[in-house]
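Encoded as structure tokens, the structure appears first; notes follow it.
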Amino acid sequence: MDKVDWKNIGIKELAILVSGQLKKSGIDAVLVGGACVSIYSNNKYESMDLDYISPASLKDIRKALAAILQGKTARFTLNFLRGLSLWAGNFRLKGSTPLKH
């Protein structure tokens, strides 16, 4: 993805972009939840967030994603879970500061 149309990016394209950046940064993460259903069903069910499970720290995830998401606006929310029940944090891709600490 050379030039990303952030206003019109689809959930599948965003998942590819985020997952690729995490992998490039050495961070293990698995996409789970409604985004998987949305991608599998070709948006017959439309999810507006991407939920990932990762053992990585939120600090490391933020650092990895800052290069591609800092200052970007999109209609999806990225959520990161640590373990199975503890929310590590999220990135809102709506507005001017999606990676606000």
Among the residues of region 1-46, how many are over 28 Å from LYS59 (Cβ atoms), exposed (fewer than 14 other Cβ atoms within 10 Å of the Cβ) and either polar (S, T, N, Q) or touching a helix residue (DSSP H, G or I) at 6+ places or on another chain (Cβ under 7 Å) (or both)? 6
When ARG82 is run through (1) surrounded by 13 or more Cβ atoms within 10 Å (Cβ to Cβ); (2) modelled with pLDDT of 85 or more; (3) over 25 Å from LYS3 (Cα atoms); (4) not acidic (Asp, Glu), the failure sits at (2)
Identify all residues within region 50-71 that are surrounded by fewer than 17 Cβ atoms within 10 Å (Cβ to Cβ), of a type in the set (D, E, K, R) and touching a residue at least 24 places away in the same chain (Cβ under 8 Å); write none if there are none. ASP60, LYS63
Assigned to a helix (DSSP H, G or I) and among the charged types (D, E, K, R): which single residue out of LYS3, LYS12 fits that description? LYS12
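The values are calculated or read from the model by the stated rules, or taken from the named source; none is laboratory data. All values reported here derive from a predicted model rather than from experimental measurement. In this analysis, Cβ positions are derived from the backbone assuming ideal geometry, glycine residues included, and neighbour counts consider all displayed protein chains.
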